[in-house]
Each structure stands twice: as structure tokens, then as C-alpha cells.
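Heads up, the thing below is written out as C-alpha cells.
The values are calculated or read from the model by the stated rules, or taken from the named source; none is laboratory data. Given the structure is predicted, the values throughout are model-derived calculations rather than measurements. Note that each Cβ is placed from the backbone with ideal geometry, even for glycine, and that neighbours are counted across all protein chains shown.
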Amino acid sequence: MTAQYLSFGALALVTLWSAYKVVTARLITHAALWMALSFTSVSGIFLMLQQEFIAALQVLIYAGAITTMIIFAIMLSSIREIRVEPQEKRSIGQRIRASGLLAVVVGLVFAAFMTYVYYVSEIPKEAVPDAGLLTVRQVGATLFTRFTVPFEVASILLLLAMIGAIILTAKETE
Amino acid sequence: MPIDLSSVNPNLLIILPPGVLAVFALVVLVLDLYSQEKRWLAGLSLVGVLLSLVALWFASRPGAVPPGDYFGRMVTADHFTFYMVAVLLVAAGLVILFSMDWVPRRLPKVQVEYYELVLFATLGMMFMAASRDVTLIYLGLELSSQASYILAGLLRNDPRSNEAALKYFLNGALASAVLLFGLSILYGLTGTTYLPEMLVALGQAPLPLLVTAMVFVIAGFGFKVAAAPFHLWAPDAYEGAPTPVSGFFSMAPKAAAWAAVLRVFLEGLSIPQVMDKWSVLYAVLSASSMLIGNLTALWQTNVKRMMAYSSVSHAGYILVGVAAAARAPEVGAGAVLFYLLSYILTNAGIWAALVALENQGEGTEMADFRGLAQRNPALAWSLLLLFVSLIGIPPTVGFFGKFFLFRAGVQAGYVWLAVLMAINSAISVGYYYAVVRNMFFEKTEKPRLELGSSLQAVVALSVLAVLVVGLGSSPVIQYAEAALGLLGR
Amino acid sequence: MSLADLWAQHWFRAFVTGSLVLVFALGNFYITLWLERKESAWIQNRLGPMRAGPQGLLQVLADLFKLLQKEDIVPRNVDRILFLIAPFIAHIPALLIFLVVPFGPNMVVADYDIGIIMIAAVTSYAVIATFIAGWGSNNKYSLLGAMRGAAQMISYEVTLVMSVIGVVMMAGSLKLSDIVLAQAERGVLGWYLFPQFIGFIVYLIASLAELNRAPFDLMEAESELVAGYHTEYSGFRFAIFLLVEYVHMIAWSAIAATLFLGGWVGPTPADIPVIGPKLFGWMTGPVWDNVWGFFWFLFKTYLLIFILIWIRWTFPRVRIDQLMDLGWKFLLPVSLFNIFLTGVMKYGWNVLAESGSPLRWIFWLWR
């Protein structure tokens, strides 16, 4: 049990720390790489729950596809660095905003609130269904039966996103 | 291993309206590649919407599709679905109709994409209204939202359009995240995404977590419908987006979001422990939306921006019905559904007028309305009637919409809210009158304002509908109230 | 605590098997590197390394020592941390692939149910590593090389996974050991090479592109980009990139051998008719099964490695646009067609297998 808690704690710490670095990293590439780390440790948490498939998908889609997408966007754009213009005299308000302290405080307050809510809620054990090991076969069968319509809607959504990306970014030819 | 298909329960007729729309959207997409002349594709999109309406008519005949859930409990056949899908299709049809002259002038490069995006957005909204499963409701919401973000930024060389798209996107993404967070807590508590089952399972759910989830869902939907503390994106998005797109925003996506709100709260969260809580929360949102929307609208000089604040205040009026629906479901939800129809019918004409002004190369400032009564008396008088309807003066449809909301509020015991609504209707006279004064009592040297045939059609339809639906409102409201009778019970 | 007790402990098992995989990868890296030199020499009608050891077998060792001795140069203005860790991150996916590869009947480190998806997932880190190396070097050739590489790897990863779907459909499982067993049941001619011939060819081309080997080595095209993303690397960091490249090659060949050539399945001397059971009857039992399984697995893997090297030294490099066209406009549709074909053929066999119709022999291969 302790080993489980320890590894969960380590994964959670890595996730949170890298998520924090995503927001605060000065170089936009570093932010993207921190994000990949964050996604990876989330997949570790899935592995701890013995959901291999979800863990693999997490890596495949988030650490693989989405991070690469963002990296491409970075390489194709000219934005390299997020600079906060150093002003001679900054007011206290500006300094607070620049330090990201507010975000940390709000995040902590929110986390504390959610922890409190979970603490006071007595979640009945049987309300949480024990899914067991989710197999690819089950996922496939569900996609073809119950989730046919959402699946198709999702594919239309992706098509739409593609059209949108093209018409918003394509070079205008004369 | 063969897959057990018995639980799918397919029904061609219920999926036909969205199916027709999807097919037309894809066909238009492909034809765009091969056709030099683009204008007829707008007509084709309109035909798609009309055919979808026809399919809906076939599906909604009594006995054609037995009420129930189809496609793995994803698509629901009931009066609520039929009513809302019809309303959304009408809105989409009107939007396509009043964009037909505008799009070739302002968006020559992406003409056809414009119609595709409208069709895809409508498709998403149809699923939002037609499902009792939060998976599909959320996916539909995303489909319509993504299309809306792209539509808002279609004027690529206009920084204000870019700003509108970005603001809308960032706020919308945040709203989606908040909504999804709430929904995922609900799923965690109940183990199902299907609303009726969720309702049953919520009985044993711990209250603090349930209320937290409920607040998140309310906040998420609050963003989407631009209710008052969550409305900050709306004015900028409306002002910066291309004018017909702003019109579209004020009509269809909001109506679909209202449909989703009614579904989720009346079918999923209507257990007694939380009903009062969300009812009161919605009542507070309603009061703040009405007050903030109306009072801010008084100071606006841009009509698009004014209409944005006006739509915030109208979201407040609709929220009266939603709050009332907790205590008097049929009356409250019926009033909301009727009001959605009346708001769409009224707004179509007003936005058509704005589009007409832009077609002549003019802006949408208050000053551009000067002397409209000289330039096109018919349009000016139509606008007057439509504003009267928005204010809620008989015999227009707006009056009946507000009357039903008022009645629902009083029946549910929200007398203070109903009174506030009446007061706010009076306040709203102020800013609508500013436009009317500019139209009728100011002089101008500008030439006559010509409307294209499609714009004339929209204005005429709008005016006609405002009168006809208003005076003949009883079958519509009966259908709307009956819609809820089948919903979930 | 006896060894058997230790073996029952998860951590010990993981440690030992993981180390064995590492040793396997490094040993084969050595052989493959030597093989590449020799093969290129044969193709170009020269001798290759001859001096260090018999047939130049120690040449690789000498080279590696040379690289290790070199100064570890970190140029100024590089993104220091990224520059330093890039080779090691590149190392991860290449080794992780071996975790799910069955080396013999019972020789597999982690027999995941989702084997193929896991492979596809961990390969995505290769793209990130390439990007880190290219970006960290702070050099436009490196960045261009990394960008090309990332584009190429992403495009071909899609094709690669699609080409394997046919095999998954035939075997009805994503688990690599199940796929091997399914092929073992079908006999030698039942290897998925034959029904999935299209898939195999697509896989071969796509894995070449995924490996960034000639004719698809655009990310390090010497004539255009100096050396692509490892322009700035020297000493042992460069050696690690070299290592990663070859380990990757072995990994993709091993997977191809597993998926299309029956993995460890193969005849043993005991299978020889008439004399086999008498003379080699003692060569049975679990240990010998694993030995022969490992032998056949290695044999098939090296066959594929040989082909990959052969291709590298005989084809000219393609252009980047040709590469993208090939991937998206030809290989992807073809692999999608292969999925469709497999589905139709399997359905046809299912329908007709029981009937006496002679038509069923059309579908026999996809049984």
C-alpha cells in the first residue's frame, strides 16, 4: 500500500510541477515540453489504476499527437520567447501579476475547496462502478453500438476543425 | 467475437433530419472544389435546411417514430426534440437567407465555407437538442461552438474580427472546460451519462459534491448563453464578428444551449434536494442578466453591441422561465421554448436590416440608422414593429413570449422576478427608442437603401411571423408545454 | 531468500528482464553496425573493415572507444539542458519497444494486451526527442532537420499503424504473443506475410521512413543540412544517437518479424521427418523450445535488417515533397484499402468456409 501511495505521490507531484512550469516557462518550447512531461505522468497514473489502454492512449494522443502539433505550431511561427518588458518602476499590482502569484493562490484555494468538498461528501462505495480492465475489444464494441452517433459527430467535429484551420491560416492567393 | 447489436435500436426516420443536413454539408464541401460559380451553393445549403425540415415533419407526425431513445439511447424522439430541431432549422434557414448577398461581397474567398460552417454548427445544435445523453449533448455543443469560433474570425484582415474570434474561443474553451468538469463529477457520482439513469442514481449521491458539480454546470452553460456574470465575451464577439455571423450567434447557438439546459436540469438534476438550489441560482442569474444587460445597453452607440447587451437581457428573461421550471415544469419550460421561437423570429428581421446596411457599404453605428424612414420606409416600419416585439408590447409575439414567462414566474412563486422582468422591459424601451428616433426623426442625404430579394424575404417573413405567431400563439404554446410532458416522464 | 523467491518478486523480475533487454539491444547494435559496414562494402565492391580483429569485428569497438574519448563539446548559445538530455530521451522509445516483443515462446518482458498500441504510443517520444535535439542545438540546420524529421515521423507513424491493423484483424488481438501463436497455428504458409502482403510492403517502407534511413534520411541529408539535428553533437552524445538509430532499426525489424514472419515460430531439428525424432529427440522441452524460438526470431530479424541495409545502400535519397506525397497520397490510402480488403476477405471466408463452394478458395488465405 505504501508503495502505491509513494508512486502516486511522485506521479502527482511531477504532474503538478510540470503543469505549473507549462504556465510559467519563459520559452514557449519549454512550455510545450513540460506539457509532454505532464501528460506522460498522467498516463503513469492510469497505469497505476491498471488501465493500460487508457494509459497508452494518453501517451499516443496527448504526449504524441498534441504535443507534436504544438511543437509544429511553434516551429512554424515566429514566436520564440515570451518576454515581459522590464519596466523601470513597476507598481505592486504589476509585480503581482507578473509573478503568477495570483494563479498559484487561486489554484490552491480551488484545490483546497475541492478537497474539502470531497472530504465532506461521503461517497458511497457502490456508486462508483468497478469497470475492471478496460479492453480494446470493449471499447470497440461500445463505439459500434452505444456510441455510434457521438462517434460520427466527433468525426464531423474533426473535419470541421480541419476546414477551420485551413481557411483561417491558408495564404490568400490572388 | 460478434458484437451485440441488439441494444442499438436504430431508427432511420429520427436520424433523417440531421442526416440530410450532414449529407448536404458534405456535398456542398465537395462541390465547392469543382464549381467556379459559388452562389448557387448557398441555395443548395438552403435546400438542405428545407429538406431537413421536411424530414423532420415526416419524423414528427404522430406515430411515425414512437417516443423513446434510439441509437443506443443517444437520440431521443419526443416533442421537445421535434420542437427544438424545427426552431434551430428555421434559424439556420433565416441566417443563410440573409447572408446570401452579404457573403459574396465581404467574404469572396471563403463563400462556401461560410455556409458549410453554418450547416455544421446547426448539425451540432440539433444533436444538443435531440439527446438525453450528456456525451452527445457535449459533443454537439463543441461542434456548434467550434464552428462559431471559426465563423467569428472569418474576416481575416479585420483585427476586430480576429479579436472577436479569439475572445469567443478563449471564453468558450474555458466554459467548455468548466462544464465538462461539472459533468464529469456527475458521471463520477452516478456512473452513467444517460440523464434519466443519472436522475435515479443521484438519489444516493452526497450533496456537497452534487451541488458543486451543479454550480459548475450552471457556470458552463451560463457562459454559452451569455447570462450576466458570464457575458463579458458577448459584446466584443458580437461587435467584431461579421454581421450575419453575429446574427447567427444571437439566434441559434443560444437556443440550442437553452435546450441543453432544460434537458440537463429537468431530466438529470431534478431531484428535490437540488432543485430548489438551482432554481434560486438561476433566479439570481436572471435578475443580474436583466439588469446588467439592459442598463449597459442604454449607453451603447453601436447597434451590434447594443444587440449583444439586449441578448444578455433576453437571456435574463428566459432564465425566469428556467428558474420557474423547477417548481412548475410544464409552464416554465413551455414558456422558455416559446420565447426562444419568438426571439429568433424577431431577431432575424433586425439582423437582416443590419446586414442590409453593411451591403451598402455602411457601418452598424447608431448614426448609420439616421433617416432610415426616408431611405426605406417599409424597412423602418418593419424594424419598429420588431423592436416593439423585443420590448414586449401586444399584439406581437414578443408580448406573448414575455407574458408566458411572466405567468410561469408568478405560478412558481417568483413574483419579485416577474416584476423585475416587467420593469426591465420598460427600461429596454430606452435603447430601442434610440434607434427608432434615429430612423424616424433624423434627416439624411443618403440615397435610398435597397434590400436584395433574399433580405426582403427575411424581413417580410420576420414581420409576418411576429404578427401571426403572436396572434395565433395558443397552438404553439400548447405544443411547447406538451413537449415537456413527454420529456423524461 | 532463494533465487526462486527473488524471481517471484516483481521488482527483481523487472530488473533482470529489463537488463537482459538492454544487453540484447546493445549486443545487436554492435553486430548491426558491423553488418552495415560490411554490407555496404560488399555492395560497393570493397572490403570494409579488415584490420581490427578477424573480418574487422573489433572495428566497431575501436570506433566507440574513439567516440567516448573525444571531448564532450557543448557549443555556446545552445539550450543547455535540452541539448544535454536529448540523446537520452531519444534512447527511451527505442528500448521500450523491446518490452513487448516476444523473443521466444515464453520470452517476453511485459506481455501487454495492447502491445501494438503501446508500440505506437512510445514511438511518439522519438519525435519529441528529435525536436529537443534540433531545438536545443540552436542552429538553423539542426532545427530544419528536426522539423523535417518530426513531419516525416508523424506522417509515417499513421501509415505504419494502419498497415499493422490488417494483422490485428487477422489475429483478433493486439497482443504480440497472441499474434505469433495465431500464425503458429496456421503453419509456415500461414504467416501473415502472405495474406497481408500489401501491409508488409507498406510497413517496410513506412518503417524505413520512421527510422529516417536512406532513401528517406531527409532529416540528416548531408548535402542539404550538414547533418540535420545532430550537427552540433560530438563525442559520446553523438554515439548515443548512432546507438538509437540502430536499436530502432533492430526494434522495427523485430516487430516486422513478429507480425509478418511468424516471430519465433520455426522448425526444429526434431521436426525433420524420419530421422529427426531419433537423433534430435532430446532437443525438446521448454528450454530447447525457447532456444530454437530465439534462434528463429533472430534469424528473421536479421533477414529484415539485411534488407533494410541493402535498401539504404542501393537507393538514392528522395525529396521531402516526394516523401510526403508518397506517405499521404499513396501509402495511407493503400493501407486503408488493405484494411478494407482484409475485412471483406475474412467475411467471405466466414460465410463460405462451411459451404462446399469452390469460390471459398479465393478467401482461403485470409482464413
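Summary of values
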item	result
Of all residues in the range A:123-164 being touching a helix residue (DSSP H, G or I) at 6+ places or on another chain (Cβ under 8 Å), more than 30 Å from B:Ser144 (Cβ to Cβ) and at the interface with chain B (Cβ under 10 Å from one of its Cβ atoms), the one that is modelled with the highest pLDDT	A:Ile123
Subset of the range C:321-348 that is surrounded by fewer than 16 Cβ atoms within 10 Å (Cβ to Cβ) and over 17 Å from C:Phe216 (Cβ atoms) - its residue that is modelled with the lowest pLDDT	C:Tyr347
Selection count where residues are within 15 Å of B:Met307 (Cβ to Cβ), touching a Leu at 6+ places or on another chain (Cβ under 7 Å) and in a helix (DSSP H, G or I), scope the range B:219-246	2
Single residue of the range B:450-478 satisfying the filter (more than 18 Å from B:Pro395 (Cβ to Cβ) and touching a Gly at 6+ places or on another chain (Cβ under 7 Å)) that is surrounded by the fewest Cβ atoms within 10 Å (Cβ to Cβ)	B:Val459
Members of the range A:16-53 found to be within 12 Å of chain C (Cβ to nearest Cβ), in contact (Cβ under 8 Å) with a residue 24 or more places away in the chain and surrounded by fewer than 18 Cβ atoms within 10 Å (Cβ to Cβ), listed by number	A:Arg26, A:Leu27, A:Ile28, A:Gln50
Considering residues of the range B:104-118 that are more than 10 Å from chain A (Cβ to nearest Cβ) and surrounded by 24 or more Cβ atoms within 10 Å (Cβ to Cβ) only, the residue nearest to A:Leu157 (Cα to Cα)	B:Val118
Test for B:Arg132: is it on the phi < 0 side of the Ramachandran plot and within 13 Å of chain A (Cβ to nearest Cβ)	yes
Subset of the range B:162-172 that is within 13 Å of chain A (Cβ to nearest Cβ) and surrounded by fewer than 20 Cβ atoms within 10 Å (Cβ to Cβ) - its residue that is nearest to B:Lys304 (Cα to Cα)	B:Asn162
Qualifying residue in the range B:105-117 (condition: among the acidic types (Asp, Glu) and either within 17 Å of the chain's Cα centre (by Cα) or not in a loop (DSSP other than H, G, I, E, B) (or both))	yes
One residue from B:Leu51, B:Leu56 being away from every other protein chain (no Cβ under 14 Å), touching a Pro at 6+ places or on another chain (Cβ under 7 Å) and among the aliphatic types (A, V, I, L, M)	B:Leu56
Boolean, B:Ser270 is buried (at least 24 other Cβ atoms within 10 Å of the Cβ) and not acidic (Asp, Glu)	no
Wholly enclosed helices (runs of 4 or more DSSP H) of the range B:307-403 bearing at least 1 residues more than 18 Å from B:Asn438 (Cα to Cα), in contact (Cβ under 8 Å) with a residue 40 or more places away in the chain and out of contact with any Phe, Trp or Tyr (no Cβ under 6 Å at 6 or more places or on another chain)	B:329-359, B:377-391
Among residues of the range B:422-449, those that are in a loop (DSSP other than H, G, I, E, B) and either within 28 Å of the chain's Cα centre (by Cα) or exposed (fewer than 13 other Cβ atoms within 10 Å of the Cβ) (or both), counted	4
Test: residue in the range B:68-78 that is among the hydrophobic types (A, V, I, L, M, F, W, C), outside any loop (DSSP other than H, G, I, E, B) and within 14 Å of chain A (Cβ to nearest Cβ)	yes
Residue among B:Ala308, B:Ala326, B:Ala255, B:Ala227 that is farther than 26 Å from B:Ala353 by Cα and not polar (S, T, N, Q)	B:Ala326
Test: residue in the range B:19-33 that is in a loop (DSSP other than H, G, I, E, B), over 30 Å from A:Ala141 (Cβ atoms) and touching a residue at least 24 places away in the same chain (Cβ under 8 Å)	no
Pair list, Cβ under 6 Å, 6 or more apart: the range C:112-126 residue more than 7 Å from chain A (Cβ to nearest Cβ) and surrounded by 24 or more Cβ atoms within 10 Å (Cβ to Cβ), other residue charged (D, E, K, R) and assigned to a loop (DSSP other than H, G, I, E, B)	C:Gly115/C:Lys175
Conditions (1) farther than 17 Å from C:Ile89 by Cα; (2) part of a helix (DSSP H, G or I); (3) of a type outside the set (A, V, I, L, M); (4) more than 14 Å from the chain's Cα centre (by Cα); number of the one not met by A:Gln50	(2)
Number of positions in the range B:45-67 that are among the aliphatic types (A, V, I, L, M), at pLDDT below 90 and outside any loop (DSSP other than H, G, I, E, B)	1
